Amino acid sequence: MPFSIVRNDITRMSVDAIVNSANPNAVIGGGVDWAINKAAGASLIEARKKIGPIATGSARITPGYNLKAKYVIHTVGPVWQGGDKSEEQLLALAYTNSLKLAVKNCCESVAFPLISSGIFGYPKAEALQAAINAISRFLVNHEIMVYLVVLDKNSFAASEKLLGQVESYISEKYVPGILKSSYAYDYDTAPRRRRLRSAAQKNILPPEGIQDLAVESDVLCAPQPAESLESYLSKLDLSFSQRLLQIIDEKGLTDPEVYKKANIDRKLFNKIKNNPDYKPKKPTAIAFAIALELSLEETKDLISRAGFALTHSNKFDIIIEYFIINGIYDMFRINEILFAYDMPLIGA
């Protein structure tokens, strides 16, 4: 199942389990730990006391009590000490062990905070990358919906270098695209008969001009042999579903390789696969193009079969175009930037 970054209060997530970035000892800490204990009620800390100390990178599970979630998974992330004390490996373990515990308890969905990025001092950009790496590795071999929950934009740190490059590309493409779409009418390419008719209404045409217009109109309005509907339908091109499966075969990939890289749920992929007329949403169609590492023209062709296009009058489209033309097909990196711009994420 896919992985999505969402902006929300983790205590309000309707999932099977939420993960608590806990204190190693059975006491209520600050930040996420305090918020989860407050929402769950006094029973949570009592259950936590029965567990006792939790080692860094380990995870334990309790009921969710008053939370919407059935379970709370308590994990202890590392305290940041400069990055040379195995912090990255310990943080990865906190995510992986929490996910293993969720799967063991038959959870189909789990929500994480950005572990260790609060009072434990782990830099947010590094904490985010560690979370993405650990979660995406786990999802290669497991089916579970994973949410990474951030409360506000200050809790989320996209790569400043990449964000700057994307902003520059948007500035270059977005305004000219808007102008072009707003002033796209070209008088010189308008049909000649329309120009002549307009001129005739203003009494600036000589009689021969009006006669020329009438002759042209007669020719254009002459009856044409009717083509049957069946004839038109016989020209039908491959649908999105058919072309998607064709590309997968051409590239020698398996279905799971593609839908997992696309960050798409297996059930949704099967709907697309088994229904040639299925029309996915635009972020889903683009996710498959990214997973298949299609060129810009190939991407436009694939998504057009679902009725979509990429234009320079839409920031979402320009961001997608930027990553494709620069050969960056990292789904989570793309979603990181889309999230920073309040754009829909692709895939999940």
Full-stretch length increase - SER168, LEU253 - with 0.36 nm per residue and alpha-carbon distance subtracted:
27.1 nm
Between region 39-88 and region 300-348, how many Å separate their Cα centres?
36
Net charge, TYR329 excluded, C-beta distance under 15 Å - Lys, Arg +1, Asp, Glu -1
-2
Full-extension gain in nm, HIS142 to ARG333, via 0.36 nm per residue minus C-alpha separation:
66.7 nm
Stretch ARG266-ASP9 to full length: gain in nm at 0.36 nm per residue minus the Cα-Cα span?
89.8 nm
Which peptide among 110-117, 340-347, 82-89 comes first, and what is the full order, when sorted by highest mean count of other Cβ atoms within 10 Å?
110-117, 340-347, 82-89
Could you please report the charge total around PRO276, scoring K, R as +1 and D, E as -1 over all other residues with beta-carbon less than 13 angstrom from its beta-carbon?
+3
Counting only Cα atoms, I'd like the Rg/Rh figure for region 105-148, Kirkwood definition for Rh.
1.03
By its C-alpha gyration tensor, with a ≥ b ≥ c as the square roots of the eigenvalues, how is region 3-157 shaped: rounded for a/c under 1.5, else prolate for a/b larger than b/c, else oblate?
rounded
Set LYS50/LYS70; LYS68/LYS271; LYS38/LYS104; LYS100/LYS260; LYS49/LYS100; LYS261/LYS282, cut-off 20 Å on Cα-Cα distance; pairs above it are LYS68/LYS271; LYS38/LYS104; LYS49/LYS100
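Each value in this text was obtained by applying a stated rule to the coordinates, not by laboratory testing. Everything quoted here is computed from the prediction, not taken from an experiment. Cβ coordinates were reconstructed from backbone atoms using ideal geometry, including for glycine residues, and neighbour counts include every protein chain displayed.
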